[in-house]
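S.K.: Take this structure first; my questions come after.
Every read-out reported here was derived from the displayed coordinates using simple, explicitly stated rules and does not represent laboratory data. Fair warning: this is a prediction, and the values are worked out from it, not measured in the lab. No Cβ is skipped: glycine too gets one built from the backbone with ideal geometry, and neighbour counts run over all protein chains shown.
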Amino acid sequence: MILLTGATGYLGSQVARELLARRMHFRILVRDPSRVGFDAAAAHCEVVVGDLRNPAALEKALSGAKQVIHTAALVKMWVRDPRDFCQINVEGLKSLLRAAARARVERVVYTSSFLALGPSASTQAGEELSHRGPYLTEYVETKARALAWLRAEGLRQFPVIVLLPGVIYGPGPKTEGNLVGGMIDQYLAGKFPGLLGSGKQRWSFSFNANVVAAHLAALEEGRLSEEYVLAGDNRSLNDFFRLLEDISGVRHPVRHLPFAAGKIAGALDLLRARLFGRPPQLTPGVVAIFKHDWVYSSAKAERELGYHVTSLEEGLKRTLASLGY
């Protein structure tokens, strides 16, 4: 039995679909069953209602499970109470692992993030990286702190495998975790506000089908207590929008906005969010993320998990095809 957390999220929903396609028996832990994108009963998938902060729900979800894929996280630009990030992304991970140990789970595949490693301008960089701050957003900070705790204690105490994907993109639901999907939608609609800076900043674009396959490979072939960077095609944001234009046939000019202007706009949007509770479209922390390169190597995952990197060209073709382009 496999327990999957985060099945209503961008990555978790794709993992669930692959488990269904392989006819594997699994259980999901979700807060809102109505958001599950498939007929769980017809698929013989068990549903436990609750979240990582509910000990009784965790115990029920883990009962009889031998393996766990933990993709659940608070992936947002902003929430009214920033303590939620720590409660879910750090303390939630610890609670899950402790409960899994009591349930005698054999292995936990944990989805971290490239952001936990910190900025990188080297395509040869990988699992040796350590984010030492400053942390640009609460999400980045809590993913980095969770990884630091695993390295200091968790990997010795629990049967964990850590996966660190790059910027995940591809067909899938439009959630806040689907950053690239949001940019694609805005561009196609002619509503993309503009690129911060020169656009020469590079990102590691990881196609979601490759990332999903790596999660399932880690269940069988991953080495316990190891980390695997699931890097993608390391390309600039200018490359991304050029390819998006060429493949879609949609041509909209992409403006370049100064970082200073973005920081001011983000500060104003954040102020409005705090005053009125409306989630911001931009924050100063997100602006700062775009100042850096975030490129890495997935050589270890390729060797040990059979991980494959789909080119940005091919990945965008498949993504746009799913949208009818």
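S.K.: Any idea which of A103, L155, Q67 is furthest toward the positive side of the dipole for region 61-210, if Lys and Arg beta-carbons carry +1 and Asp and Glu beta-carbons -1?
M.R.: About the Cα centre, the residue reaching furthest to the positive side is A103.
S.K.: At A260 and E220, where each label point lies 7 Å from the Cα along Cα→Cβ, what is the point-to-point distance in nanometres?
M.R.: So the label points at A260 and E220 sit 5.6 nm apart.
S.K.: Specify the angular offset, from 0 to 90 degrees and rounded to the nearest 10, of the alpha carbon long axis of helix 259-276 from the longest principal axis of the alpha carbons in the chain.
M.R.: 50 degrees
S.K.: Please give the helix 208-221 orientation as an angle from the longest Cα principal axis of the chain, in degrees from 0 to 90, rounded to the nearest 10.
M.R.: Roughly 30 degrees between the two axes.
S.K.: What angle, in degrees between 0 and 90 and rounded to the nearest 10, separates the Cα long axis of helix 91-102 from the longest principal axis of the Cα atoms of the chain?
M.R.: 20 degrees
S.K.: Let me have the relative contact order for the chain, percent, based on Cα pairs under 8 Å that are six or more residues apart.
M.R.: 19 percent
S.K.: Further question: Please work out the Kirkwood hydrodynamic radius for region 1-159, using every pair of different C-alpha atoms, and report it in angstroms with one decimal place.
M.R.: Kirkwood hydrodynamic radius for region 1-159: 16.4 Å.
S.K.: Along Cα→Cβ, 7 Å out, is where each label goes; now give me the distance between the ones at S63 and L275 in nm to one decimal.
M.R.: A separation of 5.1 nm, rounded to one decimal place.
S.K.: What percentages, rounded to whole numbers, describe P(r) for region 179-267 computed over all alpha carbon pairs with 10 Å bin width beginning at zero?
M.R.: 14, 36, 27, 17, 6
S.K.: Longer than 32 Å from Cα to Cα, which of K174/K300; K94/K200; K66/K317; K143/K300 are they? Say none if no pair is.
M.R.: K94/K200; K66/K317
S.K.: Just need the Rg to Rh number for the chain, please, alpha carbons only, Kirkwood Rh.
M.R.: 0.95
S.K.: Another question, then. Please work out how much length the chain gains when fully extended from A152 to A41, using 0.36 nm per residue of separation minus the C-alpha to C-alpha distance, in nm with one decimal.
M.R.: Roughly 35.9 nm would be gained on extension.
S.K.: Please sort by residue number the chymotrypsin sites (Phe, Trp or Tyr not before Pro) in region 29-131 whose DSSP state is loop and whose Cβ has at most 14 other Cβ atoms within 10 Å.
M.R.: F38
S.K.: Using a cut-off of 14 Å between alpha-carbon atoms, which aspartates and glutamates can reach K60, once sequence neighbours fewer than 8 places away in the same chain are excluded?
M.R.: Result set, ordered by chain and number: E46, D51.
S.K.: May I pose another question? Using alpha carbon coordinates only, what is the Rg to Rh ratio of region 41-87, with Rh defined as the Kirkwood radius?
M.R.: Checking Rg against Rh, the ratio lands at 1.05.
S.K.: Would you work out the relative contact order for region 175-317, in percent, from Cα pairs under 8 angstrom that are 6 or more residues apart?
M.R.: With pairs under 8 Å counted, the relative contact order is 39 percent.
S.K.: Follow-up. Residues with beta-carbon under 12 Å from that of R107, excluding R107: net charge, scoring Lys, Arg +1 and Asp, Glu -1?
M.R.: Summing Lys and Arg as +1 and Asp and Glu as -1 gives -1.
S.K.: Moving to a separate point now. Could you list which residues have their amide H under 5 Å from that of S120, counting only those 5 or more apart in sequence or on another chain, with H placed in the peptide plane?
M.R.: D293, W294, V295
S.K.: Another one. Would you mind telling me the antiparallel percentage of the DSSP bridges in the chain, rounded to 5?
M.R.: Close to 10 percent.
S.K.: Here is a follow-up. Take D32, project a point 7 Å from its Cα along the Cβ direction, then tell me which residues of region 264-288 have their backbone nitrogen under 18 Å from it.
M.R.: It comes to 277-280, nothing else.
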